[in-house]
1. Name the residues in the stretch A:32-78 that are under 16 Å from A:S279 (Cβ atoms), of a type in the set (A, V, I, L, M) and at pLDDT below 90, would you?
2. Identify, by number, the condition in (1) out of contact with any Asp or Glu (no Cβ under 9 Å at 6 or more places or on another chain); (2) within 14 Å of chain B (Cβ to nearest Cβ); (3) among the charged types (D, E, K, R) that A:E224 doesn't meet.
3. Identify the residue in the stretch B:84-97 that is over 25 Å from B:D42 (Cβ atoms) and more than 14 Å from chain A (Cβ to nearest Cβ) and, among all such residues, is surrounded by the fewest Cβ atoms within 10 Å (Cβ to Cβ).
4. Assess whether B:E62 counts as being open to solvent by 40 Å² or more (accessible area, probe 1.4 Å), touching an Asp or Glu at 6+ places or on another chain (Cβ under 7 Å) and of a type outside the set (F, W, Y).
5. Taking the options A:S135, A:S173, name whichever one is open to solvent by 10 Å² or more (accessible area, probe 1.4 Å) and within 14 Å of chain B (Cβ to nearest Cβ).
6. Would you point out the residue of the stretch A:282-295, among those that are open to solvent by 50 Å² or more (accessible area, probe 1.4 Å) and in a helix (DSSP H, G or I), that is farthest from A:S135 (Cα to Cα)?
7. Could you list all residues from the stretch B:41-56 that are outside any loop (DSSP other than H, G, I, E, B) and within 11 Å of another protein chain (Cβ to nearest Cβ)?
8. Could we say that B:N14 is open to solvent by 60 Å² or more (accessible area, probe 1.4 Å), more than 14 Å from chain A (Cβ to nearest Cβ), within 27 Å of A:A284 (Cβ to Cβ) and assigned to a helix (DSSP H, G or I) here?
Amino acid sequence: MSDPGIVFLFPAFASDYKDNLSLSIPGYAELFKVFLTRASDSTDSDLTSFDPDSHNFLENELKNQYIAYIQSCTCASILRSKEVKPGIQAYYSMGIYAALFNSGSVTFETGLDLIKSAFTVIRNILQDESFSMCSIIGLNIDDIRHLILLTDQDTEVSNQNGEFSFILSGRLSSLKQIISQAKEEGAIHTGLFAVKVPYHSQFLRETQSGFSEFIGNIRISDPETPILSSLDQILLTTSGQIKSELIRNLYNPFNWYKTHMKLSELGFRIFIECSPVPSLIKIARFIPGEVKYLTPLSAIGSPLFSDTQ
Amino acid sequence: MARINDYTRNEVKNIVYSFFAEECEVDKGQITDQTNIIKDLDGDSLMFLELIEIFKKKYNLEIELKTIGKYAVKHPVSTIGQLIDMQMLIIEHENRLLELEK
């Protein structure tokens, strides 16, 4: 039975594995290996050499996305097997694919196909690799917009994580210029992401037709557990909504801050990040609201769920 | 401008020590003023930001984050002791922090 107060959160791909909790989660290593083998077979990509300690997949965006997906699916499956089930799911950026698998909308293999197709369609439309993403913390939205205006305006705010925390996507040269300017303006933190794709920006608008065609040919079911859209914070309950969300997710900005606030407003109080590498928990520090954040490990060991195990 | 006394300094120190002990999952007794926030505690700028918010609420401070950011660029913090010193200045001078540069 699902708990109306629990949210499963699905992060995007990892930027490092230094806080990897995987070895501490009971049953994780075994199930992860099963999923990893299935993924290797399904994608024709050697994923079995994945080694979190050597960070060997961080430079490969596609493999990194596969790994994040497999990790999330592993964590969520273990939680469900322990009768820790969500009343709703939310996804951060490309975490949508794991959310879909764990809501029963797609099979594990179809989730991998979606990742590969999106990546291929993106690569086909981007003429070069002069794009990236960056984070700026400590400035407000007006400051950020002002900085964008000072450049060639080939960057966009692609996500808001908090009142003073933003992600930008666009041309690498302009992002570097904005980062430099942001430091002078008093940003507490700036960072360029190790990606070459400007996710959630209009630069990817042309993916619409190619990705739509792919999505039209795969099976997507209504989700068993509703998913909250990170794009416009509406509940996704039908396959039609899911298909539309998948397409729009590539080239539309999302708003994690509003998504988080909406979840609180809906009455959800226990947020479990389905990943062995906590990242959304860190972001949540700056989002107001009385919610409890748990890792899979702490959720399994939590007395909150002791009567269900 | 708030007047800083030994009580406030001890209070700030206690908050900073407790904060990093909890966030970085280390024994509070292992932290000293010489502890390096990044190298020794694996801390990050998000923690710095969170700490600022804690002090803004506790002391009802009127200071913009970017004022602190501008100050921090010229006076980078690496140890717990330096962080406490900066927090003391923030509490004392609030939005006039940058006037210390003049």
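The values are calculated or read from the model by the stated rules, or taken from the named source; none is laboratory data. Nothing here was measured: the structure is a model prediction, and the numbers come from that model. Note that we place each Cβ from the backbone using ideal geometry, even for glycine, and neighbour counts take in every protein chain shown. Keep in mind that these areas ignore ligands, DNA and RNA; they rest on the heavy atoms of the full protein, side chains included. Shrake-Rupley method; radii C 1.70, N 1.55, O 1.52, S 1.80 Å.
1. A:L58
2. Only one criterion in (1) out of contact with any Asp or Glu (no Cβ under 9 Å at 6 or more places or on another chain); (2) within 14 Å of chain B (Cβ to nearest Cβ); (3) among the charged types (D, E, K, R) is unmet by A:E224, namely (2).
3. Of all residues in the stretch B:84-97, those over 25 Å from B:D42 (Cβ atoms) come to B:89, B:91-97.
When the remaining residues are screened for being more than 14 Å from chain A (Cβ to nearest Cβ), the result is B:89, B:91-94, B:96.
On the way: B:L89: 16, B:I91: 22, B:E92: 16, B:H93: 18, B:E94: 18, B:R96: 12.
This residue is B:R96.
4. Values: open to solvent by 40 Å² or more (accessible area, probe 1.4 Å): yes; touching an Asp or Glu at 6+ places or on another chain (Cβ under 7 Å): yes; of a type outside the set (F, W, Y): yes.
Considered against the rule, which asks whether it is open to solvent by 40 Å² or more (accessible area, probe 1.4 Å), touching an Asp or Glu at 6+ places or on another chain (Cβ under 7 Å) and of a type outside the set (F, W, Y), B:E62 comes out as yes.
5. Details: A:S173 fails: within 14 Å of chain B (Cβ to nearest Cβ).
Step by step, each of A:S135, A:S173 is checked, and only A:S135 is open to solvent by 10 Å² or more (accessible area, probe 1.4 Å) and within 14 Å of chain B (Cβ to nearest Cβ).
6. Across the stretch A:282-295, the extreme among qualifying residues is A:R285.
7. Filtering the stretch B:41-56 for residues outside any loop (DSSP other than H, G, I, E, B) gives B:45-56.
Within the stretch B:41-56, B:S45, B:L46, B:M47, B:F48, B:L49, B:E50, B:L51, B:I52, B:E53, B:I54 qualify.
8. Working: open to solvent by 60 Å² or more (accessible area, probe 1.4 Å): yes; more than 14 Å from chain A (Cβ to nearest Cβ): yes; within 27 Å of A:A284 (Cβ to Cβ): yes; assigned to a helix (DSSP H, G or I): yes.
So B:N14 fits the description; yes.
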